[in-house]
Amino acid sequence: MPRLIVGTENSAPIEIHYEDHGSGNPVVLIHGYPLSGTSWERQERELLAQGYRVITYDRRGFGRSSQPTIGYDYDTFAADLNALIEHLDLTDAVLAGFSMGSGEVTRYLSTYGSKRVRKAVLLGTIPPFVLKTEDNPEGVDGQVFEGIQAAIVQDRYAFFEGFLNTFNNFDVLGGSRISDRAWQASFNVAVGASPFASYACVSTWLTDFRADLGKIDVPVLVIEQAEKVHACSRAQEHEELLLAAHDAHLYLPQRHPLVPIEGGPHNIAWTHSEEVNGALLEFVAGKTPVAA
């Protein structure tokens, strides 16, 4: 099982589990909360079939990576990604991040530059900034995040059940675009994550990426659910977060393609994999994707 040491906690190494398959130009896939690299299986299959080298990895605290109680911030997440890219000596890579993974892509490019990267893909973005502030009045109220953390402390198993129902719009798409078994598999991965990481990562969602986005100098594809709406008072706490409009493409320094996924929940890479894969493959191959 390939693992890379990215740090230590007391006497124990902090290791990142990764998978590296195929050949050709590399595509690095960075997963969302609270999943692991295996959540990209529907994209990995298609990318490998088109002759790309595909690298997935588990964020610290999740999947088969170590579960430390330190390093849950985007500077460290980006450093972990950089360590993996350097370890594998990747060049001309495409970085694709979903949800929380979009933050890694953004902070990595802002901090380490694009010497090893030719393109980036942001799906279900966290950037630019989700928190409601005076200069970001359409963000999400900070009490929402406090409520999420309180729910995790009280009963993270019950929290993840509700979270994944919303994450997949399961009351509408369950049985059609996501099966009971696929939902259960995601639940198993979520509850297998570090309890500390499950709690600590919520604070990272408040990271302000507005300045980071302005430093990106490679082509970027943004893929979002078409029905993303602004947070409203009647929504449940985790629903407010998942449905908040982030408008990452507005903060990028130049015009980039934006592909809306009609009828998609937050977890578009699974429920609407054909539409996502079509846009992803076109963009990686050098074409300009359009909405399906």
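The values are calculated or read from the model by the stated rules, or taken from the named source; none is laboratory data. All values reported here derive from a predicted model rather than from experimental measurement. Every residue, glycine as well, gets a Cβ built from its backbone with ideal geometry; the counts of neighbours run over all protein chains shown.
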How do the pairs read when you match residues in the stretch 121-141 that are of a type in the set (Val, Ile, Thr) with residues anywhere that are assigned to a strand (DSSP E or B), using Cβ under 6 Å and keeping only pairs 6 or more apart or on different chains?
Val121/Ala96; Val121/Leu221; Val130/Val140
Those residues of the stretch 66-90 that are under 27 Å from Phe129 (Cβ atoms) and either without any contact (Cβ under 8 Å) to a residue 60 or more places away in the chain or assigned to a helix (DSSP H, G or I) (or both) come to a total of 12
When (1) touching a residue at least 40 places away in the same chain (Cβ under 8 Å); (2) closer than 30 Å to Glu274 by Cβ; (3) assigned to a strand (DSSP E or B); (4) touching a Gly at 6+ places or on another chain (Cβ under 7 Å) are applied to Thr56, the one that fails is (1)
So Leu122 passes all but one of these: (1) touching a helix residue (DSSP H, G or I) at 6+ places or on another chain (Cβ under 7 Å); (2) surrounded by fewer than 23 Cβ atoms within 10 Å (Cβ to Cβ). Which condition number does it fail?
(2)
Can you pull out every residue in the stretch 115-142 that is touching a strand residue (DSSP E or B) at 6+ places or on another chain (Cβ under 9 Å) and in a strand (DSSP E or B)?
Val117, Arg118, Lys119, Ala120, Val121, Leu122, Leu123, Leu131, Val140
Residues that are over 18 Å from Thr106 (Cβ atoms) and at pLDDT 85 or above: find the helices (runs of 4 or more DSSP H) completely inside the stretch 210-292 holding 1 or more of those.
268-271, 273-284
Within the stretch 178-189, is there a residue that is modelled with pLDDT of 95 or more, under 22 Å from Gln67 (Cα atoms), within 16 Å of the chain's Cα centre (by Cα) and not in a loop (DSSP other than H, G, I, E, B)?
yes
Check Asn82 against each of (1) farther than 28 Å from Glu275 by Cβ; (2) crowded, with 20+ Cβ neighbours inside 10 Å and name the one condition it does not meet.
(2)
With the checklist (1) more than 19 Å from the chain's Cα centre (by Cα); (2) crowded, with 20+ Cβ neighbours inside 10 Å in hand, flag the one item Ile216 doesn't pass.
(1)
